[in-house]
Amino acid sequence: MVASYAASEKQPDALKFFWAEIKKHPKEEGLYERFLKWLEQTSLVDEQLKAYTAAINQYNSQTWYDRMARFYIRQKRQQAFVNYTKQLLDVFDDDEASVYMETFGHNRSKATAR
């Protein structure tokens, strides 16, 4: 069914469908993943950001924090990535901060150099 939503004229219907399903089944992590996979095939960047934010609010996990960071990097949103990193480092414990910086520290330094 979702494949039929690929055409841009059907994107509003797909958005309504996914958000309604997420509202009905908020603990179904796979819905967020499928929704984001579909969104990556569209130019709906703001919707991707909304979906990542909703997933982080629902699951509050390192996996979703990392996915959001990768989103900012893929979208070349350097300042947003730097701000997001600062926000996370303020709340992470030492171990979480260390893992995050090992994974993304090189991207942060590139972003601040620009």
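Charging the Cβ of each Asp and Glu at -1 and of each Lys and Arg at +1, and nothing else, the dipole of the chain about its Cα centre rounds to 480 debye. Between Arg74 and Lys50, the modelled labels are 1.8 nm apart [label points 7 Å from Cα along Cα→Cβ]. Against the main long axis of the alpha-carbon atoms of the chain, helix 78-91 sits at an angle near 70°.
Output needed: percent of Cα pairs per 10 Å distance bin for segment 9-60, bins running from 0 to the one holding the longest distance. Spelled out bin by bin, segment 9-60 gives 26, 62, 12, 0 percent.
With a threshold of 27 Å on the Cα-Cα distance, the over-threshold entries among Lys16/Lys86; Lys24/Lys86; Lys23/Lys86; Lys10/Lys50; Lys23/Lys76 are Lys16/Lys86; Lys24/Lys86; Lys23/Lys86; Lys23/Lys76. Of all alpha-carbon pairs in the chain, indicate the percentage at a distance above 24 angstrom. For the chain, the fraction of Cα-Cα distances above 24 Å is 32 percent.
Over the chain, dividing the summed -39,500 (n - 2.57) contributions of all DSSP H runs of at least 4 residues by the number of residues returns a 222 nm mean residue ellipticity of -25000 deg cm²/dmol.
Electrostatic bookkeeping for Glu29 treats Lys and Arg as +1 and Asp and Glu as -1; over the other residues with beta carbon under 15 Å from its beta carbon, the sum is +2. Inter-label distance, Glu40 to Asn57: 2.4 nm, where each label sits 7 Å from its Cα along the C-beta direction.
Computed from the coordinates by the stated procedures, all read-outs in this text should not be read as laboratory data. In this text the structure is predicted, and so the values were computed from the model without any measurement. All Cβ positions, glycine included, derive from the backbone under ideal geometry; neighbour counts span all protein chains shown.
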